[in-house]
Amino acid sequence: MIDHRLVLDYHLPPGWMAPFVEGLAQGQTIARRCEDCARTSFPPLRSCPCGASAGAWVELDGTAQIIHRTDGQDGSFALVLFDGAATHSVVRLDNLAPDQNIGRLAKSTGPLPQIILGPELESSHP
Amino acid sequence: MTSNPKVIVAGAALTPFNRRKDASNFRDWAYHAFDAALTMSALKRADIDALFVASESDFFTMQLNPASILASDLGLVGAAITRCEGGGASGQIAVHAAARAIQSGSAARVAVVGVDPSASQLSGDTVRALYGFSFDAWTDGMTGVSSSALYALSYQAFQARFGGTDAHLAAVTMQNRANARDNPGAHLPRDDTGQDIADSPMIAAPYRRLHCSPLSDGAAALILSNASALPESRKAAPEIAGMGAANDTLHLGARGDPGQFTAKTRAMKRACAEAGISPEQIGLAEVYDAYAGAQLQAISALGLSDDVFRDLDAGTFAPDGRCPVNLSGGLMGQGAPVGATGVGQTATCALLLEGRYHAALQPKHAPQYAVADTHGGICTTSAVTVLKQGGAR
């Protein structure tokens, strides 16, 4: 056998997705709204299904409803719908019990821009 | 207006799909598959105008230009060479590219070789991490979602709309693995029971380990030819009657219905239109069963059933059913060396139509039409090929 070990250190510019990537690091849900049909996508779609490519960045409030959830050795993931978005998102679940069907975008920790859904914050309002 | 030349499957061969432990590598497997297909075709190396190679990832082969190295190994220096990539659909995309080259008149006799070392060269965890970048590496990939989790979420959406139980997933699993027992080249020939499946580890609910296809090594090859460029002995072999391809939105969540394999439906319609048939005329199918539920989603999307759970219960897709599905064992039973998968599915259909497949799996009466269905991502890239019985039968 020929043993050959490769280590790859990528340095990836975020390109057009920079607002989305920077938002995740801050715990912000930065989505893209189509300037033609106002459809809002998260993760952002550069070209809208309506055919338009012009869009604006908008911040959603970060709350999402779980539509389908899967748990197992690969971890816990879900297909969710963020409030204000027209598209669903695939997210990693963090500390969300199976009976919790609403969560909030968590700040992405570490070097990778991860879409993580954690528990809703307790309201500070009376 | 002149019609396209008839594309004949003059040669078809697969190596065993499994985890190699014999110190052989992808260049050996590609050579053996090509050599066997060429022998079946009754052609010689010098007859081959072009080579199309399917390999999903340079990470697997550690070779940035696999078509060049394989052309040298196969004795095809001087031929036109192309490497095709479309994720899991790479092999079927190569079949299409090769057949279109013949139809266009740019080549008369073409070799297609699909190969990938998906099992023995890298650790399973490394391969699974790479597969995670088969989707959108910049969003889903960064989040770390696995292929199994994405397929599980898609199947849950399918179930929410059409129903289905754990028993249906078990039925697909047991049938494919049972078929694989009669395929000497299969990776997982097993007598799984419902209890075995229920006891296997949960990977991504509802998928347990036994609902998943394995990582495999292997190669498959085809020799396609303009009918007029073949010796008499091969002119009546099965033909490629129709091809269709389509893609879908990359993000599962951006699709109108994340449980529907819409690209597959589009690709099948295009393939059937080219063949001049309807899906009801398909008499056997090799479909892309990366997971047990994906087989059910595929059958539905291809239009092979308007109620896949009812027809599964009725035995429609069993070896003696109206439309046997995955007689080879499919990805779940035969195995899944990615680049080889689509080429192998088409090779299997051709061998079954010609009556040259493994005897225990050969239908008593070969049907008129078969379909080979392959996709990449979570049916993001779909490629479907309809094969037609040759003139000799």
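Listed values, structure above:
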{"quantity": "Amide H partners (placed H, <5 Å) of A:LEU93, local residues excluded", "calculated": "A:SER76, A:PHE77, A:ALA78, A:LEU117"}
{"quantity": "B:ASP289 long-range amide H proximity, modeled H, under 5 Å", "calculated": "B:LEU331, B:MET332"}
{"quantity": "Cα-based helix-to-principal-axis angle, B:262-275 vs chain B, degrees rounded to 10", "calculated": "30 degrees"}
{"quantity": "Within the protein assembly as shown, helix-based [θ] at 222 nm, where runs of 4 or more DSSP H residues each add -39,500 (n - 2.57), nearest 500", "calculated": "-9000 deg cm²/dmol"}
{"quantity": "Region B:339-393-region A:12-86 distance, computed between alpha-carbon centres (Å)", "calculated": "40 Å"}
{"quantity": "Per DSSP, loop trypsin sites (Lys or Arg not before Pro) in region A:31-126 with at most 10 further Cβ within 10 Å", "calculated": "none"}
{"quantity": "Dipole of chain A, positive end: most advanced residue of A:VAL7, A:VAL80, A:GLY110 [Cβ charges, Cα centre]", "calculated": "A:VAL7"}
{"quantity": "Note, ³J(HN,Hα) from phi for region B:295-310, Karplus 6.51, -1.76, 1.60, rounded to Hz, x at Gly and Pro", "calculated": "5, 5, 4, 5, 4, 5, 5, 6, x, 7, 7, 9, 8, 5, 6, 4"}
{"quantity": "Nearest-0.05 FRET efficiency for B:SER123 and A:GLN100, computed from C-beta distance (R0 35 Å)", "calculated": "0.50"}
{"quantity": "For region A:95-110, Karplus couplings with θ = phi - 60° (6.51, -1.76, 1.60), whole Hz, Gly/Pro x", "calculated": "6, 10, 5, x, 8, 8, 10, 10, x, 9, 4, 9, 4, 6, 9, x"}
{"quantity": "Relative contact order of chain B, defined on C-alpha pairs under 8 angstrom at six or more residues apart (%)", "calculated": "26 percent"}
{"quantity": "Centroid-to-centroid separation of region B:11-27 and region B:189-250 [C-alpha atoms, Å]", "calculated": "15 Å"}
{"quantity": "In degrees, nearest ten, helix B:90-104 long axis to first principal axis of chain B (Cα)", "calculated": "30 degrees"}
{"quantity": "Inter-centroid distance (Cα atoms) of region B:40-118 relative to region B:138-153, Å", "calculated": "30 Å"}
{"quantity": "Amide H contacts of A:GLY55 (H built 1.01 Å from N, under 5 Å, at least 5 apart or other chain)", "calculated": "A:GLU35"}
{"quantity": "Hz values of 3J(HN,Hα) by residue in region B:242-250 - Karplus curve (6.51, -1.76, 1.60), Gly and Pro given as x", "calculated": "x, 9, x, 9, 6, 10, 10, 3, 4"}
{"quantity": "Cα gyration tensor, region B:307-379 - rounded (a/c under 1.5), prolate or oblate", "calculated": "oblate"}
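The numbers here are math on the coordinates, done by the rules we state, and not lab data. This is a predicted model, so every value here is computed, not measured. As a convention, Cβ positions derive from the backbone with ideal geometry for all residues, glycine included, and neighbour counts pool all protein chains shown.
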